[in-house]
1. So how much slack lies between residue 147 and residue 30, counting 0.36 nm per residue of separation and subtracting their Cα-Cα distance, in nm?
2. Calculate log10 I(q)/I(0) of the range 105-149 for q = 0.16, 0.19, 0.28 Å⁻¹, where I(q) comes from the Debye formula with a single equal point scatterer on each Cα and nothing for solvent.
3. Can you check what the net charge comes to around residue 168, using other residues whose Cβ is under 13 Å from the Cβ of residue 168 (Lys, Arg +1; Asp, Glu -1)?
4. Using the Karplus curve 6.51 cos²θ - 1.76 cosθ + 1.60 with θ = phi - 60°, what ³J(HN,Hα) values do you get for each residue of the range 114-122, in whole Hz, with x for Gly and Pro?
5. Modelled label-to-label distance, residue 88 and residue 165, 7 Å Cα→beta-carbon offset: nm?
6. Multiply the residue separation of residue 101 and residue 121 by 0.36 nm, subtract the distance between their alpha-carbon atoms, and state the gained length in nm to one decimal.
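Readers should treat all values here as calculations from the given coordinates under stated rules, not as data from a laboratory. Worth saying up front: this structure is predicted, and the values here are computed from it rather than measured. Using ideal geometry, Cβ is built from the backbone for each residue, glycine included, and neighbour counts are taken over all protein chains shown.
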Amino acid sequence: MKPAAQSAQTRPRGGVLTLISVLMIGSAVIRVALEAGPAMARGPEPSAVAQEGHPASSVDTNVLLSELLRREEAVRQQEENLRDKERALAIAEQAVAARLAELQAAEESLRATLAIADQAAEADLARLTEVYQNMKPKDAAALFETMDPVFAAGFLSRMPPEAAAGIMAGMQPDAAYTISVVIAGRNANAPTE
C-alpha cells in the first residue's frame, strides 16, 4: 500500500473547484439565454421609441448614467471635504496637545519658582526675626512700637516666648495690648475640626 501523501500528489489540484466553477458559469449562461430569448423576440415596444429614433431605454440609461456620474462626483467631493476636515482637526489636535504640554511645563516652572521664592521669603523672615530677638529688648521695643501692629505681631509670634516677653515689656502699654490682640485673634476664625 502506498501512503496517503503519495496518492495526494497524483491527484490534480483544484479539479473539484474548477468543475464547480464551470457548472455555475454554465448555469448562468443558460438562465440568461432562457430569459433574454423571449425579450429579444418581442423587440422594442412602439411607445419605447423616443426623439431622434433612439429607444427610450437608451435615453433613460444615458440620463441614469449622467445622474450616477453627478452623484459620484458629489460623493467624491464630500469625501475630499471630509478628508480636509480630518486633516485640519488632526493639526488642531496637535497644536492643542503642544500648547497643553507648554502650559504644563510653564505651570511646573512657576511652581518651582514660587517654592524658591517662598523658601527665600521664609529664610529672610527667619533671619530678621533672629536679628530682632538678639537686639536689646529696650531697643527692639522702641522699634516694634513704630511698626504696624500686624507686622510686629508676626515677628513676635515667631520668637521664643522669653524674647517676645522682654520686647513687649519694654513697649508702651497701648502698643503691647494692640499687638497682643492681633496675636490672640490671628487663629480665631480657623476651623476647629
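1. 30.7 nm
2. With one equal scatterer per Cα and no solvent, log10 I(q)/I(0) is -0.58, -0.67, -0.94.
3. With Lys, Arg at +1 and Asp, Glu at -1, the neighbours total -2.
4. Calculated HN-Hα couplings, in order: 5, 4, 5, 5, 4, 5, 5, 5, 4 Hz.
5. 7.7
6. Residue separation times 0.36 nm, minus the Cα-Cα distance, leaves 4.2 nm.
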